[in-house]
Amino acid sequence: MTLPPQLRRISANIWELPVTYKEGMLVPARIIASESLIGGMEAGVFDQAANVACLPGITGYSWCMPDGHWGYGFPIGGVAAMDPATGVISPGGIGFDINCGMRLVLTTLTEEEVRPRIRDLVDQLFSAIPTGVGCTGFVRCSKPKFRQVIENGSRWCLQNGYALPQDLELTEEGGCFAGADADHCSDKAIERGYDQIGTLGSGNHYCEIQVARPENIFDERTARAFGITIPNQVVVMFHCGSRGFGHQVATDYLQTFLRVMTSKYGIKLYDRELACAPFSSPEGQAYFSAMKCAANMGFANRQVILHRIREVFSRVFHRSPEELGMEMVYDVAHNTAKLENHLVDGRMRQLLVHRKGATRSLGPGAPGLPERYRETGQPVIIGGSMETGSYLLAGESGAASTFFTTAHGSGRTMSRHHAKKMVQGRKLLDDMEQRGIHVRTASYGGLAEEAGLAYKDIDVVTRSTEEAGLSRRVVKLVPIGNIKG
């Protein structure tokens, strides 16, 4: 595509659109990307990043990560920090699947041990973890109990036998966003979510069995610190969020903000998808509380799925989860807004950081890290396509410029509709089987949407985050089994 003529290169992997690019921009927009990635960016990414730069209270820059592509409101991969006193909160800067996130789990098994049982293992995971549109979970949860879940997140799971104490230690925010109040969530949102705890859902959500092969380790010392200690070690990575509950929370407050944004608060609308309200307003605070509820649903959802994964592995290999070494590496969220302290122009400031399809990336020594990761920096999990593999990285101090944020995945290169026109789901499943990746899916059409050709090159994306100083590569993880929604 033709790049905007105003776009200028700041460094090898940083590009900038000046405030003159679009009327109303308060700060420049910056995109993290290699030359090849920037050349493949959709025009909509530049326009959306510029629209974000128009939001009241934005601080520093409007950022977009290397996996950036067109989204709703913010580009996927969009990051913006707002001054809580003068700035806004926008559901379009968080996403509909609030706290869609990644979790990585270790085992002491090797590829050689797992390969003979991969079909049984994947089939049992597919039976134990509901997938697909509208699926419901095995946790029988009343609506009043669900309100407890969304206010307490992984803490509820610990109290009810679905978590270990160290699981919470190794989850962002301890698995609970404080200040969540279920009274700020609509009855419709509760109705959509109360029976979905422990479900993958559909789209790009998955549970994948992966291998850390010696030739794919970039940083052996950090890999060992993260628990990758044996050749061809098998790990489990999964990706899911707050399901229908989070979607309804976002929908409810987008409608609310559209009603009050201009008429009550006089905020100029550059894009209806960026509907917002002052963060300090009653509407802004109510959404922030409801968003935290959805974030806690995401944490609880992934925690219950981990419980099921441990059960399946224990059943298939006739050993306890403890004997199998099924400890977490980390759980990282994307699609959130959080109040955080950041150094800006030499002064520490509290900012509301929106991360839409972007993940936190704390460097060594940063407050908020588990003690075991003080020296290494935060484990960062960047999911690739089910055909190509994913990455475990470590946060870098250089990410301070992006409010300690990095990419969250490889990023789409084409729409789901386009992918379905190009790929036959059944043939893709057979092809992957021939390449040693056993897959179970709720829908051949859904599988086709997630074909590797629909995504950017994960190797290029992660190399860009490393070269930009946001997160460094530790190990590439290659798939051998996958369940898909």
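The values are calculated or read from the model by the stated rules, or taken from the named source; none is laboratory data. Everything quoted here is computed from the prediction, not taken from an experiment. For neighbour counting, all protein chains shown are included, and Cβ atoms are generated from backbone atoms with ideal geometry for every residue, glycine included.
Within the range 363-384, identify whether any single residue is surrounded by fewer than 24 Cβ atoms within 10 Å (Cβ to Cβ), modelled with pLDDT under 95, in a loop (DSSP other than H, G, I, E, B) and touching a Gly at 6+ places or on another chain (Cβ under 7 Å), and answer yes or no. No - not one qualifying residue is present in the range 363-384.
Picking from residues in the range 227-245 that are assigned to a loop (DSSP other than H, G, I, E, B) and over 21 Å from the mean Cα position of the chain (by Cα), the one that is nearest to Phe299 (Cα to Cα) is Gly227.
Okay, residues lined up against (1) within 19 Å of the chain's Cα centre (by Cα); (2) not polar (S, T, N, Q):
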{"position": "Val139", "(1), (2)": "no, yes"}
{"position": "Ser142", "(1), (2)": "no, no"}
{"position": "Asn160", "(1), (2)": "no, no"}
{"position": "Leu170", "(1), (2)": "yes, yes"}
{"position": "Ser186", "(1), (2)": "no, no"}
{"position": "Arg192", "(1), (2)": "no, yes"}
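The C-beta contact set for the range 232-249 (first residue farther than 14 Å from Gly481 by Cα, second residue β-branched (Val, Ile, Thr) and in a strand (DSSP E or B), distance under 6 angstrom, 6+ apart or interchain) comprises Asn232/Thr110; Asn232/Val211. Of all the criteria given as (1) among the aliphatic types (A, V, I, L, M); (2) surrounded by fewer than 24 Cβ atoms within 10 Å (Cβ to Cβ); (3) within 16 Å of the chain's Cα centre (by Cα), the one not satisfied by Leu392 is (2). Out of all the residues in the range 222-229, is one or more in contact with a Gly (Cβ under 9 Å, 6 or more places away or on another chain) and surrounded by 21 or more Cβ atoms within 10 Å (Cβ to Cβ)? Yes, some residue in the range 222-229 is in contact with a Gly (Cβ under 9 Å, 6 or more places away or on another chain) and surrounded by 21 or more Cβ atoms within 10 Å (Cβ to Cβ). Checking each residue in the range 235-292 for being under 22 Å from Asp181 (Cβ atoms), surrounded by fewer than 17 Cβ atoms within 10 Å (Cβ to Cβ) and either at pLDDT below 95 or touching a Leu at 6+ places or on another chain (Cβ under 9 Å) (or both) picks out no residue at all. With respect to the conditions (1) more than 25 Å from Ile118 (Cα to Cα); (2) in contact (Cβ under 8 Å) with a residue 12 or more places away in the chain; (3) not acidic (Asp, Glu), Lys421 falls short on a single one, namely (2). Of all residues in the range 183-216, those satisfying the criterion of being without any contact (Cβ under 8 Å) to a residue 60 or more places away in the chain, assigned to a helix (DSSP H, G or I) and in contact with a helix residue (DSSP H, G or I) (Cβ under 6 Å, 6 or more places away or on another chain) are Ile190, Arg192. Inclusion of Thr388 among residues that are under 17 Å from Asn216 (Cα atoms), among the β-branched types (Val, Ile, Thr) and either out of contact with any Phe, Trp or Tyr (no Cβ under 6 Å at 6 or more places or on another chain) or part of a strand (DSSP E or B) (or both) is warranted. Does Leu324 qualify as being under 20 Å from Pro165 (Cβ atoms), in a helix (DSSP H, G or I) and touching a residue at least 60 places away in the same chain (Cβ under 8 Å)? Judged against the criteria, Leu324 is not a match.
Taking the criterion of being more than 19 Å from the chain's Cα centre (by Cα) and of a type in the set (Val, Ile, Thr), the only residue of the range 194-214 that qualifies is Val211.
Can you confirm whether Gly411 is under 30 Å from Asp431 (Cα atoms) and buried (at least 24 other Cβ atoms within 10 Å of the Cβ)? When the stated conditions are applied, Gly411 passes them. Going by what's in this entry, would Ala180 be described as within 26 Å of Tyr253 (Cα to Cα), in a helix (DSSP H, G or I) and not β-branched (Val, Ile, Thr)? Judged against the criteria, Ala180 is not a match.
Annotation note: of Gly175, Gly203, the sole residue that is at pLDDT 95 or above and touching a Gly at 6+ places or on another chain (Cβ under 9 Å) is Gly175. Considering the range 385-416, and only residues there that are among the hydrophobic types (A, V, I, L, M, F, W, C) and at pLDDT 95 or above, the residue that is nearest to Ile209 (Cα to Cα) turns out to be Leu392. From the residues in the range 417-465 that are in a helix (DSSP H, G or I) and of a type in the set (Asp, Glu), which one is modelled with the highest pLDDT? Here the answer is Asp459. Restricting attention to the range 433-456, the residues that are surrounded by 19 or more Cβ atoms within 10 Å (Cβ to Cβ) and either over 18 Å from Ser202 (Cβ atoms) or in contact (Cβ under 8 Å) with a residue 60 or more places away in the chain (or both) add up to 13.
One line per residue, one yes/no per condition, for (1) within 30 Å of Gly389 (Cβ to Cβ); (2) touching a Lys or Arg at 6+ places or on another chain (Cβ under 6 Å); (3) in contact (Cβ under 8 Å) with a residue 60 or more places away in the chain; (4) not in a helix (DSSP H, G or I):
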{"residue": "Leu254", "(1), (2), (3), (4)": "no, no, yes, no"}
{"residue": "Lys268", "(1), (2), (3), (4)": "no, no, yes, yes"}
{"residue": "Phe288", "(1), (2), (3), (4)": "no, no, yes, no"}
{"residue": "Asn301", "(1), (2), (3), (4)": "yes, no, yes, no"}
{"residue": "Ile305", "(1), (2), (3), (4)": "yes, no, yes, no"}
{"residue": "Val312", "(1), (2), (3), (4)": "yes, no, yes, no"}
